[in-house]
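The values are calculated or read from the model by the stated rules, or taken from the named source; none is laboratory data. Everything numeric here is computed off the predicted structure, so don't read it as measured data. Heads up, the Cβs are rebuilt from the backbone with ideal geometry, glycines too, and the neighbour counts pull from every protein chain shown. What goes into the accessible areas is simple: the full protein's heavy atoms, side chains included, and nothing from ligands, DNA or RNA. Shrake-Rupley method; radii C 1.70, N 1.55, O 1.52, S 1.80 Å.
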Amino acid sequence: MGIAERRESDRQRMRSRILETAMKLFLKEGYERVTVRAIAQAIEYSPATMYLYFKDKNEILFALQELGFDKLYEAQQAVLSVKDPWMRLRKHGRVYVSFALNNPEYYDLMFIMRGPVKKMKEKKTWEAGLRSYQLLLDNVQACLDAGLLKKTHPDAATFAFWSLTHGIASLVIRERCIMYPEEHMQSIIDGALDFVMENMTRRGR
């Protein structure tokens, strides 16, 4: 490995260390309470060094969210092998909830924890997040085109489906489902997804 490659490898390791530490602090203390100085102290580096990697705290959060959306999009690829659009949408729901439950820290940073979306708004095109939405929207549109869903605007149907899956994931992650035995949660999640999907269909399907 040459000098340039070694420096880049060291830089990437340092960047990863900053992100890992920031994630832990954001989740423990809350985004608003954490400062760049606090992150620097946790990894025993000076704040000045931190600014060599990230412009500010917003940029750190945005980088973590992008990592999370990369993971979500990777998980979504599992639905592409399902040819029938209706069955693909069913699987989409299960994949989304499964991603959230298997990656609760990332999901919290992506969708639950309070934090600014300034960086997202600054981006003219935010590929990491929008491509996951587009994949779901395309799936919903295919169901509408095939007459499998009640007629409505595709964005409205997509938002409804996303809201359902997000609500399920959020309730479980935040441990708001204590009324259900833990060993029954998966069947309850599956049943909830099936129930709502059946009520989204056109009559006579």
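Here the extension length gained between SER163 and GLU29 equals 45.6 nm, from 0.36 nm per residue of separation less the Cα-Cα distance. Neighbours of PHE99, meaning other residues whose beta-carbon lies under 10 angstrom from its beta-carbon, give a summed charge of +1 when Lys and Arg score +1 and Asp and Glu score -1. Each Cα pair of the chain feeds into the Kirkwood radius, which the Stokes-Einstein equation turns, at 37 °C and 0.692 mPa s, into a diffusion coefficient of 171 µm²/s. Under the criterion of Cα pairs below 8 Å and six or more residues apart, the relative contact order for the chain equals 21 percent. Which of the three applies to the range 5-107, rounded, prolate or oblate, going by the alpha-carbon gyration tensor with a ≥ b ≥ c and a/c under 1.5 meaning rounded? Here the range 5-107 falls in the prolate category. For ILE43, neighbours were defined as the other residues whose beta-carbon sits under 13 Å from its Cβ, and their charges (Lys and Arg +1, Asp and Glu -1) total +3. Modelled spin labels at GLU105 and LEU52, positioned 7 Å past Cα toward Cβ, are 2.5 nm from each other.
Cα centroid separation, the range 37-91 to the range 141-205: 25 Å. Cross-link check: pairs LYS24/LYS91; LYS91/LYS150; LYS24/LYS55 evaluated at a Cα-Cα cut-off of 21 Å; pairs beyond the cut-off: LYS24/LYS91. Calculated accessible area for the range 1-64 comes out at 64 Å² per residue, all protein chains present (probe 1.4 Å; ligands, DNA, RNA ignored). Net charge of the neighbourhood of TYR73, taken over other residues with C-beta under 11 Å away and scored Lys/Arg +1, Asp/Glu -1, is -2. Helix 127-145 versus the longest principal axis of the chain: what angle, 0 to 90°, nearest 10, using Cα atoms? Between helix and principal axis, roughly 0 degrees.
Between MET113 and MET179, the simple spin-label model (points 7 angstrom out along Cα→Cβ) gives 3.0 nm.
Against the chain, whose longest principal axis comes from its Cα atoms, helix 154-173 is set at around 60 degrees.
Nonpolar atom fraction for the chain, defined as the carbon and sulfur part of the 1.4 Å probe accessible area, stands at 52 percent. Between GLU5 and MET87, the contour length at 0.36 nm per residue exceeds the alpha carbon distance by 24.9 nm.
Here the peptides 6-14, 104-112, 47-55 are ranked by packing, the mean other Cβ count within 10 Å, and the order with the highest first is 104-112, 47-55, 6-14. Multiplying the residue separation of LEU130 and SER187 by 0.36 nm and removing their Cα-Cα distance gives an extension gain of 17.5 nm.
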